[in-house]
Every structure is written in structure tokens, then in C-alpha cells.
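Report on the structure given below.
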Amino acid sequence: PIEVKPATALAPMEGITDASFRRLIRKCGGCGLTVTEFVNCEALAREVDRTWSQTKTDDEGPASVQIYGRDPERLALAAQMCEARGAQIVDINLGCPAKQVVSGNAGSALMKEPALCARIFRAVREAISIPLTVKMRLGWNAHSMNALEIARMAQEEGLQMVVVHGRTREEGYRGRSHWECVRPIAEA
């Protein structure tokens, strides 16, 4: 039910895509969807005010709130809370390569656990009625590029959109994006 027009999205980036930056980008035009910085599902569930302030998208539309964690039930609870507070879309983060996120086995570390990813998708999808999306990497490293497998799981669990970052976790933000690896996922 949400039209993204034009069909472009502002990628979520920690420390960059705060509300002021997203408003600035909207004023410049050319962006059909904005996404918040990723927020920890545990902090949302514990009602941490500073974390909740990062999810405010009152004057934006359409906008997505990106959450991260590794516990399916806590992610589902956080997504429900986001929906109750007006989120239009919830996005699950499987792409963050940051050491502090990965050390907690969240973000791109979840790419190493496809079965857990499927449980997360199912739990969150059942918990909310708004669109659910996921952002992921190609995989953990060049030897475990499983984004196609996880994208198929997302589709089977009813997610409405899959975004694939064209690098592995090991690559971080270095080197070139592997668009030749993203194309088969889009085509599938």
C-alpha cells in the first residue's frame, strides 16, 4: 500500500541518516523512501528515550525504521512497538559490519545463521501488519556468499522488499561493490 516514488531509497547509515539529514535529502528531491539509522531492538523494548528519538519519522513519508538484534521475539516486540508509534515500514538489519554489532552476533553476523534469519523473519512478520523489509550483505565473506538463500527465505516469509549491499561483511565498505553478484538475486 506504500508507493515509493521516485523508486529510490536513502540507505540507512549509522551516524548519518538522522532526522535532520533525512529532511534535507527530502527537500533536495529525488528520494522516494528514507530509512532511519539502525536502532537496537533491546533499547526499544526497554523504552530508552534516546533510542526512540532516532525512530521518529513524523514529517517523512514514506519512511522506514531499521531495527537490529538477534532474538526473534525481541525483534518482533520492537517491531510491534515501532508500528504502534506510527512506523510505516520496519526494516531488519542483516548488513551492519561494525565490530560492536557483529560481536553481539547481530547485523551481518546473522548471515552466518540462515535458519535464525528465517525464524526472525517469521516472528517479525507475524507481529506486525505494516510492510517488512530486510537489508543484507552478499554474505559473511567471499567463501560464504549466501544472500540469495536468505533473500528467498525473506520472500517465503512474506517480506515485501530485500535490499542487498554489494559487499561481504569482511569487505566492509572497502573495494568495489559486486553488482554482478547482486543481479542474480534480483532476478531470482
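The values are calculated or read from the model by the stated rules, or taken from the named source; none is laboratory data. From a predicted model like this one, the values you see are computed outputs, not experimental measurements. Counting neighbours? That spans all protein chains shown, and the Cβs are built from the backbone with ideal geometry, glycine included. What goes into the accessible areas is simple: the full protein's heavy atoms, side chains included, and nothing from ligands, DNA or RNA. Shrake-Rupley method; radii C 1.70, N 1.55, O 1.52, S 1.80 Å.
Descriptive notes on the structure:
- Straight-line cross-link reach from residue 5 at under 23 Å between alpha-carbon atoms covers these lysines, not counting any fewer than eight positions away in the same chain: 27, 56, 135.
- Computing Rg and the Kirkwood Rh from the Cα coordinates of the range 87-152 gives a ratio, Rg/Rh, of 0.98.
- Solvent-accessible area per residue in the chain equals 50 Å², computed with a 1.4 angstrom probe and all protein chains kept.
- The range 52-132 - charge dipole about Cα centre, Lys and Arg +1 at Cβ, Asp and Glu -1, debye rounded to 20: 340 debye
- Gain upon complete extension [residue 176, residue 126; 0.36 nm per residue less C-alpha separation]: 14.3 nm
- Peptides 129-138, 144-153 ranked from most to least packed give 129-138, 144-153, packing being the mean of other C-beta atoms within 10 angstrom over each peptide's residues.
- Accessible area of the chain belonging to carbon and sulfur atoms, whole % at 1.4 Å probe: 51 percent
- For the chain, the relative contact order is 15 percent, taking Cα pairs closer than 8 Å that sit 6 or more residues apart in sequence and dividing their mean separation by the residue count.
- With kT/(6 pi eta Rh) evaluated at 20 °C and eta = 1.002 mPa s, and Rh the Kirkwood radius from Cα pairs, the range 1-158 diffuses with a coefficient of 137 µm²/s according to Stokes-Einstein.
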